[in-house]
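The values are calculated or read from the model by the stated rules, or taken from the named source; none is laboratory data. Source: prediction; values computed, not measured. Every residue, glycine as well, gets a Cβ built from its backbone with ideal geometry; the counts of neighbours run over all protein chains shown. Heads up: the accessible areas ignore ligands, DNA and RNA and are worked out on the full protein's heavy atoms, side chains in. Shrake-Rupley method; radii C 1.70, N 1.55, O 1.52, S 1.80 Å.
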Amino acid sequence: MQEAALLGVLETVRQAIQTVLSTQTTEALDGMNTESTDVERRFMNQVLTELGVQFTSSDIFERAKKLKPGTKRDFLKRAIIRLELSGAIRKIEAGRGMRPARYQKRFLN
């Protein structure tokens, strides 16, 4: 019973953190040229479809380059931020040094 209550509190805290991060990141993105078109969204959905449940930022870049040579890294960085904000993916491990960040798909009900 206590475990269920703690899990509920943990989820509430996660959502609050996501809201704060979302607000901060959205404000940061507002300063950039971030027009996201339907074509870009469809492209990133295609990239995600071809990846497993867990993947790295390098996996995203490699898959995007195979699907659409010439894809810019800056575009992918912004797309990853948008995917995180939308809840489609979540970062499970921050990148450090030469090790890329790890992400996991989120399956929303």
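Observations on the structure shown:
- Sequence of ARG42, ARG90, ARG102 when ordered by accessible area, the most exposed leading, probe 1.4 angstrom: ARG42, ARG90, ARG102
- Distance in nm between pseudo-label sites at GLU3 and LYS72 (7 Å out along the Cβ direction from Cα): 5.0 nm
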